[in-house]
Structures are given as structure tokens and as C-alpha cells.
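The values are calculated or read from the model by the stated rules, or taken from the named source; none is laboratory data. Computed from a prediction, not measured in an experiment: that's the story for all the values here. Cβ: placed from backbone, ideal geometry, glycine included. Neighbour counts: every protein chain shown.
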């Protein structure tokens with residue numbers, strides 16, 4: 001395996017549930033199974049990195065990547081953008097980092113008002129905590145509601161993606177939400193302590209007190 005493919009494999013190992021778009025010059029390249037999946041969804045040519053054709057490869061131009069991302073997430077996939085973060089100097093590998101994770105609820109199309117809606121739910125005693133985020137505008141609304149009210153609010157928001165803790169079953173507990181793209185997260189992802197730490201970090205404060 002070449003050093004470049006080893007670098008690709010390292011980043012892919014950190015984001016195994018995403019299709020990894022790996023920046024190489026003017027293209028974002030995908031390899032192995034990601035390339036096969038992308039070639040079918042995006043209707044792009046599947047080639048090979050090596051003469052023996054054991055390393056499938058497919059790519060899209062960097063300047064039109066957003067439209068391709070839309071097609072990937074519409075097909076139910078998540079994508080990780082692995083960008084070049086240093087200039088080529090001809091002496092070694094370009095440094096790369098994953099700078100963006102794109103999911104159905106965080107993808108914002110170029111056409112305003114047509115996407116980027118994410119919802120999250122969790123049990124709050126006998127009620128349901130719900131949060132609604134517009135990725136396009138940054139507007140966030142959250143509250144605690146009786147189950148039918150929470151389901152109605154989320155359904156009217158029409159999210160592209162629904163987050164919920166492991167052990168919570170939206171289709172069973174909130175049947176109105178059965179059709180949305182579901183992503184389960186560990187229980188501690190929804191803990192008040194974790195949420196408080198994340199908000200404090202985002203707002204650059206020591207605590208929320």
C-alpha cells in the first residue's frame with residue numbers, strides 16, 4: 001500500500017460509517033467499497049488505482065462537490081470531507097484532515113429553503129425532549145412535550161434526519177416519525193452533562209451557570 005493510500009485508510013478507519021471524499025488536487029477521490037457505492041449513486045466512472053485493478057476508485061470535481069453530496073445523503077449515506085490542509089512541496093504527503101461530516105439533516109442545498117433540517121428526541125421522564133435545528137439558518141428550538149405533541153411538532157418540521165438515544169424506538173414510541181432517516185446515538189450522548197459541556201465549548205464559556 002502506498003503512503004497516500006495508507007493515509008486514506010487511516011482517515012477511513014476513523015469514519016467507517018461515512019463515504020470518505022479524499023481531496024487529491026482538483027478532485028475528491030473515493031476508494032474501495034466507497035468508490036463502488038458512489039459510482040452507482042452518482043453515475044460516475046469506476047476506475048482503478050493500480051494496474052491489477054484491485055483498488056477501485058471514483059472521483060468528483062471539487063468545485064461541484066456540493067451537488068454530489070446531496071445525492072449521497074438523499075440515498076441515505078453520510079459523507080466525510082477529507083481536505084488538503086497543507087501545500088504540496090514535492091517532498092512528501094500533503095497533510096489532510098476531515099473538516100466536515102455531511103448527513104441528511106446537515107446538508108444544505110444551494111437552493112435556499114430546501115433542506116438542512118435535523119431533529120433530536122430523547123425520553124424526559126413521562127414526556128419527550130425534542131430539539132429542532134435548521135442547518136441553513138442556524139435556528140434551534142427545543143423543549144419538553146407530551147409524546148403526541150412532540151411527534152406532531154417534529155413531523156410538521158419535516159426533518160431530513162432524526163437523532164435519538166439507543167434504547168429509544170421512534171417508530172414505536174412516536175409513530176408519526178417512522179419515515180425519517182434515523183440515527184441512534186449512545187445514551188451518554190444525550191446526557192445533560194454532555195450537553196452542558198458541548199454548549200459551554202461552543203459559546204466559549206467556563207460553564208452555563
* Asked: exposed (fewer than 15 other Cβ atoms within 10 Å of the Cβ) and in contact with a helix residue (DSSP H, G or I) (Cβ under 7 Å, 6 or more places away or on another chain): does that describe residue 43?
  -> no
* Asked: Would you say residue 108 is part of a loop (DSSP other than H, G, I, E, B), without any contact (Cβ under 8 Å) to a residue 40 or more places away in the chain and within 13 Å of the chain's Cα centre (by Cα)?
  -> yes
* Pairs with Cβ under 8 Å, 6+ apart, first in the stretch 29-43 and in contact (Cβ under 8 Å) with a residue 40 or more places away in the chain and assigned by TED's automatic domain parsing to the domain that holds residue 81, second surrounded by fewer than 23 Cβ atoms within 10 Å (Cβ to Cβ) and assigned to a loop (DSSP other than H, G, I, E, B) -> 37/77
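Can you tell me which residue within the stretch 73-97, out of those that are touching a helix residue (DSSP H, G or I) at 6+ places or on another chain (Cβ under 6 Å) and outside any loop (DSSP other than H, G, I, E, B), is nearest to residue 27 (Cα to Cα)?
So, considering only residues that are touching a helix residue (DSSP H, G or I) at 6+ places or on another chain (Cβ under 6 Å) and outside any loop (DSSP other than H, G, I, E, B), the one nearest to residue 27 (Cα to Cα) is 82.
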* **Hits in the stretch 1-46 (condition: closer than 16 Å to residue 61 by Cβ, touching a strand residue (DSSP E or B) at 6+ places or on another chain (Cβ under 9 Å) and part of a loop (DSSP other than H, G, I, E, B))** => 25, 26, 44, 45
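Results for (1) over 30 Å from residue 9 (Cβ atoms); (2) surrounded by 21 or more Cβ atoms within 10 Å (Cβ to Cβ), shown as yes or no for each residue.
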| position | (1), (2) |
| --- | --- |
| 69 | no, yes |
| 88 | no, no |
| 123 | yes, no |
| 133 | yes, yes |
| 139 | yes, no |
| 144 | yes, no |
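Would you pick out the residues in the stretch 111-127 that are outside any strand (DSSP E or B) and at pLDDT 70 or above?
Within the stretch 111-127, 115, 116, 125, 126 meet the criteria.
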* Just wondering, is there one or more residues in the stretch 74-86 that are under 21 Å from residue 155 (Cα atoms), modelled with pLDDT under 85 and out of contact with any strand residue (DSSP E or B) (no Cβ under 9 Å at 6 or more places or on another chain)? -> no
* **Residues of the stretch 146-160 classified as assigned to a helix (DSSP H, G or I) and surrounded by fewer than 14 Cβ atoms within 10 Å (Cβ to Cβ), total** => 2
